Amino acid sequence: MSVAAAAGTFTIGGDLTVNRMGFGAMRITGEGIWGPPEDRDEAIRVLRRSVELGIDLIDTAEAYGPHVSEELIAEALHPYPDGLVIATKGGFDRPAARRWDENGRPERLREEVEGSLRRLRLERIDLWQLHRIDPAVSPEDQFAVIAEMQREGKIRHVGLSEVNVEQLEVARTMLEIVSVQNLYNLTDRKWQDVLDACERLGIGFLPWYPLDVGKLNAAGGLVAEIAERNDATAGQVALAWLLHRSPVMLPIPGTSKVAHLEENTAAAELRLPDEDLAVLDAAA
């Protein structure tokens, strides 16, 4: 069994079964998620090693670079191995480093999907996620063009990012939503109600910033103590807790280094004792 497979599986949209330990490809770009990476060869090695470790869900976005992450994925992995799901996102403009401007105009979303198809060398995107719902554009207009591209065969499944329960329900009146990507980690559980909704609906939940342990990892802190007892790192404890937290949880930790990738993925094999899990559950 591969390392990532130890996390168990989840089936996205009823037909895409993936290991529950994925990879987030934001950090393989330059500083500020802008431009090419400092070490391009290492970025390519990270992507190829992720597949060797059994990771079959890679999350990226048009905005990462912009374009850089998608281009590197295609360079490193195309032709893609059977079963590899590449999820990408659209809905942000990147006029400069550290600038993230919401843009949900239908013509822009279509431009992004078609650009992602070219860069990733795909005929259809298995999972395309709306990076943000643009408050300046009616949700109906944004969802309508996504549904249209789905009917055209450009998109297989649709997800949302950083949404509340009400927004999720509105979107579900117009198209099937199979995933939500919201901020969620050991110390920030703001979107617990969205995770609960995803569990009820059988929707995959991709927590971004999954490795944050904050003050819980300070000297003598809860995470540090648990990590030491289990011969693990703080990041591995955070990921193991996420996998335990919900059966729809699909962590996508990102990195630009092979060694860190291997460390993160090894969390799939970490089984924390019930007493440690209970302490972490109560820690936020």
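Summary: within the chain, the longest segment free of GluC sites (Glu not before Pro) located in DSSP loops with at most 10 other C-beta atoms within 10 Å is 124-284. Spin-label model, Lys215/Ala282: points 7 Å from Cα along the beta carbon direction are separated by 1.9 nm.
Taking a ≥ b ≥ c as the square roots of the Cα gyration tensor eigenvalues, with a/c under 1.5 meaning rounded and otherwise prolate when a/b beats b/c, else oblate, which class fits the range 79-200?
Working: a/c = 1.36, a/b = 1.25, b/c = 1.09.
Since a/c stays below 1.5, the shape of the range 79-200 is classed as rounded.
Note on the range 1-117: dipole from Cβ charges, positive end direction compared against Ala7, Thr17, Ala97; the farthest Cα belongs to Ala7. Amide H to amide H, with H built 1.01 Å from N, His157 comes under 5 Å of Leu127, Trp128, counting only residues 5 or more places away or on other chains.
Based on the alpha-carbon gyration tensor of the range 1-147 and its eigenvalue square roots a ≥ b ≥ c, which shape applies: rounded if a/c is under 1.5, prolate if not and a/b is larger than b/c, or oblate? Kindly include the intermediate steps, with their values, before the conclusion.
On the way: a/c = 2.04, a/b = 1.31, b/c = 1.56.
Oblate is the answer for the range 1-147, as a/c is 1.5 or above yet b/c matches or exceeds a/b.
Its Cα centre serving as origin, the chain has a Cβ charge dipole (Lys and Arg +1, Asp and Glu -1) of approximately 280 debye. Using a cut-off of under 11 Å, list every residue of the range 126-163 whose amide N is near the label point 7 Å from the Cα of Met174 along the Cα-to-beta-carbon line. Label zone hits: 133-134, 137-148.
Solvent exposure of the range 68-142 amounts to 44 Å² per residue of accessible area, where only protein heavy atoms count and the probe is 1.4 Å. Counting lysine pairs in the chain whose alpha carbons fall under 27 angstrom apart, excluding pairs fewer than 8 residues apart on the same chain, gives 5. Extension gain for Ser2-Gln192 works out to 65.4 nm (0.36 nm per residue, less the C-alpha to C-alpha distance).
Restricting to Cα atoms and excluding each atom paired with itself, what does the Kirkwood estimate give for the range 91-163 in Å?
Details: mean 1/r = 0.0801 Å⁻¹.
Here the Kirkwood hydrodynamic radius works out to 12.5 Å.
Modelled label positions at Ala144 and Glu269, each set 7 Å beyond Cα in the direction of Cβ, lie 5.3 nm from each other.
Using only the Cα atoms of the chain, what semi-axes does the equivalent ellipsoid have when each is the square root of 5 times a gyration tensor eigenvalue? Give whole Å, largest first.
Three semi-axes, in Å: 29, 22, 18.
Quick one: work out the % antiparallel among DSSP beta bridges in the chain, nearest 5. Just about 20 percent of them are antiparallel. What does the charge add up to near Arg156, with Lys and Arg as +1, Asp and Glu as -1, over the other residues with Cβ less than 13 Å from its Cβ? Here the count lands on -2.
How high is the FRET efficiency from Glu228 to Val165, r the C-beta distance, R0 45 Å, rounded to 0.05?
The calculated FRET efficiency here is 0.75.
For the range 164-221 and the range 243-284, what is the separation of their C-alpha centers, rounded to whole Å? Taking the Cα centre of each part, the range 164-221 and the range 243-284 sit 15 Å apart.
The values are calculated or read from the model by the stated rules, or taken from the named source; none is laboratory data. Being a predicted model, the structure only gives us computed values, none of them experimental. Backbone-built Cβ (ideal geometry, glycine too); neighbour counts: all protein chains shown. Heavy atoms of the whole protein, side chains included, go into the accessibility calculation; ligands, DNA and RNA do not. Shrake-Rupley method; radii C 1.70, N 1.55, O 1.52, S 1.80 Å.
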